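Accompanying notes for the structure given below.
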Amino acid sequence: MSLIETITFSNLDNGSANLFAFENHKNIPFEIKRVYCIMDAGSNSRGFHAHKMLKQVAVCLKGSCRFVLDDGSIKEDNISLNSPAKGLLLHEMVWHEMHDFSKECVLLVLASEKYDESDYIRSYDEFLKVAQHA
Ligand code: T46
């Protein structure tokens, strides 16, 4: 079994531009309640948490970065995002990390819920305890 679930987005532009659309329950499998963007991450890795309930889709609009996904038993540590045509599903209760941001990386994240710090599990030990009892 793989933890890697991706969505392919079509370029909808008829001319020389790129146009990608993200729609609730159409190409995004939930209702989008929040959109955020990470850029200028420099050489810092990010993430290092899981969400209890939140579902997300991450899309690298420009540049590239590498995701690590870990559900407590399977770990995928080399998931490259480098195209606006590819979305990575970040399911609830999956530990995720982001590494190797390129200088120009613009990472868009579509989220199923508003921001709620109490939904985060930021300790890997705590994550493993919860994941193993799920
Ligand atoms: C995730 C990965 C992929 C807010 O106040 N509102 C928000 O909507 C978000 C996303 C963050 N924040 C605050 C919370 C922290 O004080 O922004 C600060 C940085 O957040 P964090 O350290 O969680 O950033 P990342 O890049 O490690 O994680 C982010 C998302 O927070 C997280 O949900 O799944 O991107």
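The values are calculated or read from the model by the stated rules, or taken from the named source; none is laboratory data. On a predicted model such as this, the values are computed, not experimentally measured, just so you know. FYI the Cβ positions are ideal-geometry reconstructions off the backbone, even for glycines, and counts take in every protein chain you see. With ligands, DNA and RNA removed, areas are computed over all heavy atoms of the protein, side chains included. Shrake-Rupley method; radii C 1.70, N 1.55, O 1.52, S 1.80 Å.
Observations on the structure shown:
- If you go through the range 100-111 and pick out every residue that is open to solvent by less than 70 Å² (accessible area, probe 1.4 Å) and more than 11 Å from the ligand (Cβ to nearest atom), you end up with 3.
- Qualifying position, being away from the ligand (no atom under 13 Å from the Cβ), acidic (Asp, Glu) and either over 28 Å from ALA17 (Cα atoms) or open to solvent by 10 Å² or more (accessible area, probe 1.4 Å) (or both), among GLU97, GLU126: GLU126
- Exactly one residue among ILE38, ILE79, ILE32, ILE74 is among the β-branched types (Val, Ile, Thr) and away from the ligand (no atom under 15 Å from the Cβ), and that residue is ILE74.
- Unique residue being open to solvent by 30 Å² or more (accessible area, probe 1.4 Å), out of contact with any helix residue (DSSP H, G or I) (no Cβ under 8 Å at 6 or more places or on another chain) and away from the ligand (no atom under 15 Å from the Cβ) when the list is SER45, SER16: SER16
- Scanning the range 52-81 for residues that are more than 26 Å from ALA134 (Cβ to Cβ) and among the small types (Gly, Ala, Ser) returns GLY63, SER64, SER80.
- Evaluation of HIS25 against (1) open to solvent by 70 Å² or more (accessible area, probe 1.4 Å); (2) within 11 Å of the ligand (Cβ to nearest atom) (one fails), failing number: (2)
- Test result for LEU89, away from the ligand (no atom under 11 Å from the Cβ), within 20 Å of GLU5 (Cα to Cα) and either in contact (Cβ under 8 Å) with a residue 40 or more places away in the chain or touching a Ser or Thr at 6+ places or on another chain (Cβ under 7 Å) (or both): yes
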